[in-house]
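Read the structure below first, then the notes.
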Amino acid sequence: MTEHEYLAERFETHRAHLRAVAYRMLGSADEADDAVQEAWIRLSRADAGRVDNLAGWLTTVVARVCLDMLRSRKSRREEPLSLHHVAGNDPEHEVLLADSVGLAMLVVLETLAPAERVAFVLHDLFGLPFDEIAPIVGRTPSAARQLASRGRRRVRGADPATGDLTLHREIVDAFLAASRGGDFEGLLAMLDPDVVVRADEAAVKLGAEREVRGAAAAARTFAGRARAAQPALVNGVPGLLWSHGSSPRVAFAFTIRGGTVTAIELIADPARLADQVGQ
C-alpha cells in the first residue's frame with residue numbers, strides 16, 4: 001500500500017463524521033460533500049505525518065471551510081433553506097438525512113449568523129470545547145462561548161421541541177453515569193413513569209427485550225449495564241453508543257420531555273446506525 005493509499009484509507013474512516021458536521025452546518029448535502037472533499041484535498045497537500053490528532057485536524061478544516069461557505073452564502077443573500085435545497089443526488093436518501101437531523105432545526109439554523117451557527121453546532125451538537133472552537137471562528141474562547149449561547153437562545157426560542165440540547169445532553173450524561181454505577185434510584189428519578197424502551201429487530205437478536213414499559217422495569221434494564229456505552233449523536237441529538245472494538249453495535253436514542261426520559265429506542269440495524277449516528 002502506498003503512502004497516498006494509506007492516507008486515503010485513514011481519511012475514509014472519518015468521512016461519515018465529517019459529513020455529519022458539514023451537513024449540520026450547511027443544511028445542504030451537496031455542499032457538505034464539497035466541504036468534505038475540500039478537507040481531503042487539504043489533507044493530501046499537508047504533511048499528514050505531523051498531524052497527531054487526525055480526527056480533530058479534519059474537523060477543524062471542515063468547520064473552517066463551512067464557515068467560509070456560510071459567509072459566502074450570506075453575502076450572496078441566498079434563499080432560505082428548503083427541502084429542495086436539502087436534496088442532493090439521491091433525493092430519497094437526503095430527505096431521510098434531513099429527517100434524522102430535524103428539518104425544523106436546519107431551518108432555524110439558517111437564521112443564525114455564520115459564526116454563531118458554527119459555534120453552536122460544534123459545541124452543542126458535537127461537544128467540542130470552546131478553546132478548540134475559538135481559533136476556527138477567530139474569537140477568544142469566551143467570545144466563542146457567547147456566540148454559541150446566542151445561537152442556542154435563538155434555536156430555543158424558535159423551536160422549543162429541539163432547542164434545549166444542553167439540557168438533553170446533561171440528562172443523557174446523568175443517565176449514563178447512573179447506569180454505569182448501578183444507581184437504580186438515580187435512574188428511576190430520570191425516567192417518566194410511563195417510559196417505553198423499544199428495540200429494533202437487530203437489537204433483539206443481540207439479546208435486548210423488544211419492549212419494556214414503566215420506569216421501574218426500565219431502570220432494572222439499564223442499572224449497571226452501560227459500562228461500555230459512550231456519548232454519541234443519534235438522530236442529531238445527544239444519545240449513547242455501544243461499540244464492539246471499533247464497530248458500532250447499538251445506539252440508544254432518547255426522547256426527553258419535561259426534563260424526564262419518556263422513550264428510549266435501541267438501534268442495532270447496520271444501515272440505520274450508519275445513517276443516524278455521529279461521533
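What the phi angles of region 265-270 give under the Karplus curve with 6.51, -1.76 and 1.60, with θ = phi - 60°, is a coupling list of 10, 9, 10, 10, 4, x Hz, glycine and proline written as x. The amide H of Gly239, built 1.01 Å from its N in the peptide plane, has Ala232, Leu233, Val234 as neighbours under 5 Å, considering only residues 5 or more places off or on other chains. Largest first and in whole Å, the equivalent-ellipsoid semi-axes of region 29-70 read 19, 10, 8, each the square root of five times a Cα gyration tensor eigenvalue.
What the phi angles of region 126-141 give under the Karplus curve with 6.51, -1.76 and 1.60, with θ = phi - 60°, is a coupling list of 10, x, 6, x, 5, 5, 8, 6, 3, x, 5, 8, x, 10, 6, x Hz, glycine and proline written as x.
Shown here are the Rg and Dmax of the Cα trace of region 166-278, at 12.7, 35 Å. Listed values for region 211-220 are Karplus-derived 3J(HN,Hα) couplings in whole Hz (6.51 cos²θ - 1.76 cosθ + 1.60, θ = phi - 60°), namely 8, 10, 10, x, 4, 5, 5, 5, 4, 5, and x replaces Gly and Pro.
Using the per-residue mean of other Cβ atoms lying within 10 Å as a proxy for protection, in what order, highest first, do the peptides 263-273, 198-208 fall? Walk me through the numbers before you get to the answer.
Values: 263-273: 18.3, 198-208: 15.4.
The densest-packed peptide leads the list: 263-273, 198-208.
Each reported figure results from applying straightforward, stated rules to the coordinates on display, with no laboratory input. Worth saying up front: this structure is predicted, and the values here are computed from it rather than measured. Positions of Cβ are backbone-derived with ideal geometry, glycine not excepted, and every protein chain shown enters the neighbour counts.
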